Number of protein chains: 2
Amino acid sequence: MVPRLIDRDARKEELAQALWTVIVQRGVGAVSVRSVAAQAGVAVGSLRHVFPTRAELIVFSAELMLHRAEQRITAIPALADPVDHALRIARELLPLTPDTRAELQVNLALFAEAPAVPALTAVRDRTQGALTALYMRLVTLVAPDLPPEAAQPAADRLGALTDGLAMRLLASPDFPPADALSLLREELTRTANAKAT
Amino acid sequence: MVPRLIDRDARKEELAQALWTVIVQRGVGAVSVRSVAAQAGVAVGSLRHVFPTRAELIVFSAELMLHRAEQRITAIPALADPVDHALRIARELLPLTPDTRAELQVNLALFAEAPAVPALTAVRDRTQGALTALYMRLVTLVAPDLPPEAAQPAADRLGALTDGLAMRLLASPDFPPADALSLLREELTRTANAKAT
DNA sequence: ATCAATTTAGCACGGCCGTGCTAAATTGGA
DNA sequence: TCCAATTTAGCACGGCCGTGCTAAATTGAT
């Protein structure tokens, strides 16, 4: 009894990555248990042994992506200059590498699929919450003494700016990443100096 | 000969609006010639008489939405204060009303569908171009004397901020629209005063 | 009233979908 | 070696899909 004590979790992650690949290459409309199984190189039955239903597959994939991003960010070592540190973190939210690029693409796709898979809205809300908290942390990182009533708008502005730049970088690949980083650095510096006002 | 000299264009717009409704209510995954025809209250054959193929329906719907937004914006009367005027325009890009809210939702959905309907990327690029030009116009509106090398980053920042706020308003409905408008006004005022620096 | 063009409606085909279900292959302890 | 549990594979069903195609209904000029 007990064959392969098995790496179910590893299998799950393989399948989630296969789903991401399908989204990036063929769009969210091409996501099906069949296409994902084929992309992962397994039979449909095998996929359904791990994810009995399509919705579970999609929700897990979304959650795993959020988890990956969180881990990637918490793994960033502290830098001497707070602005450098904050910028280094914010950089992870921009689609600058193939990985983060795919991440944003998949996020938007799942966002659009939410009406069809209601469980996705919960994941989306948790993602939003994590982002909001993160932006607030970045503000207190560069301007620890900023009173809350001034920190909140600063966090909102930083978040909007970062998200907007992310969209721009994704939509028009000719937009220079350096410009995006420069705008972010300027914003962070300005927030850091806002203490005096 | 010649029955109903007919309002083909009106019919097209009806069908496009039906498609938007389907996207908003059931997600882009639910968009099919059948579902759209049913939403519009016509037979599939009738829809296919006007849009022979699914792709044509989707592309037309996307183009019509861009066209509508452009018209809505060019119809805005001039205001005395440049900042007020620019803010009034930027406001049209935020999902503050059911219409603009649906507009953004549909835009994102079509964005996600682009890999499946290659012709959509052209529409997306034109939309991006129009937005870029619009943001630049807003900057020159509030700061006419700003040299180009300073106007470009200002336009990028304004665009990113607006797009980011739009995403935020769409994703978390509890985010106060007043905060978004306040941030935009502050940004516009800052740009207007940047001339002196 | 007639008629030809246009519009509307609908059928039918092959294809992909999700999923319930059963059979085969694989595995490590006995 | 053998076996029972687990994993993998696959079939089959009903459903929705896009689209080619033909038939019916509708129209305005004659």
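The values are calculated or read from the model by the stated rules, or taken from the named source; none is laboratory data. Note that this is a predicted model, so its numbers are computed, not measured. Neighbour counts run over all protein chains shown; Cβ positions are idealised from the backbone, glycine included.
Within the range B:175-191, the residues that satisfy the criterion of being in a helix (DSSP H, G or I) and surrounded by fewer than 19 Cβ atoms within 10 Å (Cβ to Cβ) are B:Pro177, B:Ala178, B:Asp179, B:Leu181, B:Ser182, B:Arg185, B:Glu186, B:Thr189, B:Arg190. Scanning the range B:63-101 for residues that are in contact (Cβ under 8 Å) with a residue 40 or more places away in the chain, in contact with a Ser or Thr (Cβ under 8 Å, 6 or more places away or on another chain) and closer than 20 Å to B:Gln17 by Cβ yields a single hit, B:Leu66.
Determine, yes or no, whether A:Leu57 is surrounded by 16 or more Cβ atoms within 10 Å (Cβ to Cβ) and within 21 Å of the chain's Cα centre (by Cα). Step through it out loud before you land on a result.
Numbers: surrounded by 16 or more Cβ atoms within 10 Å (Cβ to Cβ): yes; within 21 Å of the chain's Cα centre (by Cα): yes.
Criteria met by A:Leu57.
Within the range B:1-13, the set of residues being modelled with pLDDT under 95 and either closer than 18 Å to B:Gly41 by Cβ or more than 9 Å from DNA strand C (Cβ to nearest atom) (or both) comprises B:Arg4, B:Ile6, B:Asp7, B:Arg8, B:Asp9, B:Ala10, B:Arg11. So is A:Ala43 free of Cβ contacts under 8 Å to residues at least 12 places away in the same chain and either hydrophobic (A, V, I, L, M, F, W, C) or within 16 Å of DNA strand C (Cβ to nearest atom) (or both) or not? For A:Ala43, the condition - free of Cβ contacts under 8 Å to residues at least 12 places away in the same chain and either hydrophobic (A, V, I, L, M, F, W, C) or within 16 Å of DNA strand C (Cβ to nearest atom) (or both) - is met.
Annotation note: of B:Ala112, B:Ala116, the sole residue that is in a loop (DSSP other than H, G, I, E, B), facing chain A (nearest Cβ under 8 Å) and touching a helix residue (DSSP H, G or I) at 6+ places or on another chain (Cβ under 9 Å) is B:Ala116. Every listed requirement among (1) without any contact (Cβ under 8 Å) to a residue 40 or more places away in the chain; (2) part of a loop (DSSP other than H, G, I, E, B) is met by B:Val22 save one, (2). The lone criterion from (1) hydroxyl-bearing (Ser, Thr, Tyr); (2) within 28 Å of B:Ala55 (Cβ to Cβ); (3) more than 10 Å from chain A (Cβ to nearest Cβ) left unmet by B:Thr127 is number (3).
Looking at the range A:138-174, which of its residues are in a loop (DSSP other than H, G, I, E, B) and at the interface with chain B (Cβ under 8 Å from one of its Cβ atoms)? Show your work before the answer.
Going through the range A:138-174, the residues in a loop (DSSP other than H, G, I, E, B) turn out to be A:143-147, A:172-174.
Listed by number, the list holds a single entry, A:Ser172.
Restricting attention to the range A:29-72, the residues that are under 27 Å from A:Leu93 (Cβ atoms), within 15 Å of DNA strand D (Cβ to nearest atom) and within 12 Å of chain B (Cβ to nearest Cβ) total 3.
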